[in-house]
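Remarks on the structure that follows.
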Ligand code: GLP
């Protein structure tokens, strides 16, 4: 496990972009898993700048979105498909047919989840999965619960997630209550994982994930079991980590 504490959000975004660029440079046909939310916006901006200024080539890569709200049309401004278009896809040369998101309007969620999981494995699996973290320790939309759920599945969102994500919708009533998310197994099968957290609001979730027990009650804690995880933290997300001093118990 690697952990980088950055000076500020801008530096975190550059470090994260560098990680993605390295993955693409090492493998121009890399399969990437990408998150939404406020945290990765700066990383996407950096990637767009690298495309415009340095010719970073996205034409060979494949992107799988981590999750999508159930029942929200892909052209809804609150949808994650819409988010990805606005924040990355429409600014770079990634072919639309190489970008995937769970189908939010599917009639049969179970079938859609199986289809999405199959698409990921048929693409050869994810080379680099980029994650954010929810205030309750969720990754993707894997909410705290009694079990780690392996594959893509339909999720009932936790009240704290609905509250946290209400800022992206005109009113609380309009926040979807359900989502389709890749599973913990989908994430753990990725060859490498990059996880970003910015702001003191994430400090407790980060501390529990890095220094607490591995438990489905705090989904990000499972990342300790992965052989190639990099945490990039900024703006106080590291502030609750307990410093272990040499020679003291
Ligand atoms: C949502 C997404 C997650 C994301 C989390 C944190 O719940 N499903 O993938 O990591 O929000 O978002 P933010 O970066 O806005 O705090």
Taking a crude spin-label model, label points 7 Å out from Cα along the C-beta direction, the residue 215 to residue 97 distance in nm is 4.8 nm
GNM on the chain, Cα springs under 10 Å; top mean-square fluctuation among 104, 166, 198 goes to 166
For residue 86, placing the label point 7 angstrom along Cα-to-beta-carbon and taking the range 14-55, residues whose amide nitrogen sits under 16 Å are 35-45
By the Kirkwood definition, with r running over pairs of different Cα atoms, the chain has a hydrodynamic radius in Å of 18.2 Å
One finds the C-alpha centres of the range 31-110 and the range 120-158 to be spaced, in Å, by 16 Å
Expected unfolding gain across residue 41-residue 119 under the 0.36 nm per residue rule, minus the alpha-carbon gap, is 25.5 nm
Length gained if residue 135 through residue 178 is fully extended, taking 0.36 nm per residue and subtracting the Cα-Cα distance, is 13.7 nm
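Can you give the convex hull volume per residue for the Cα atoms of the range 1-93, as a whole number of Å³?
Taking only Cα atoms, the range 1-93 has a hull volume of 111 Å³ per residue.
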For the pair residue 76 and residue 110, the simple spin-label estimate (label points 7 Å beyond Cα toward Cβ) gives in nm 2.4 nm
Taking Cα pairs closer than 8 Å and at least 6 residues apart, the relative contact order of the range 89-180 in percent is 25 percent
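The numbers here are math on the coordinates, done by the rules we state, and not lab data. Since we're looking at a predicted model, the values are computed, not measured. Reconstructed Cβ throughout: ideal geometry from the backbone, glycine too, with neighbour counts over all protein chains shown.
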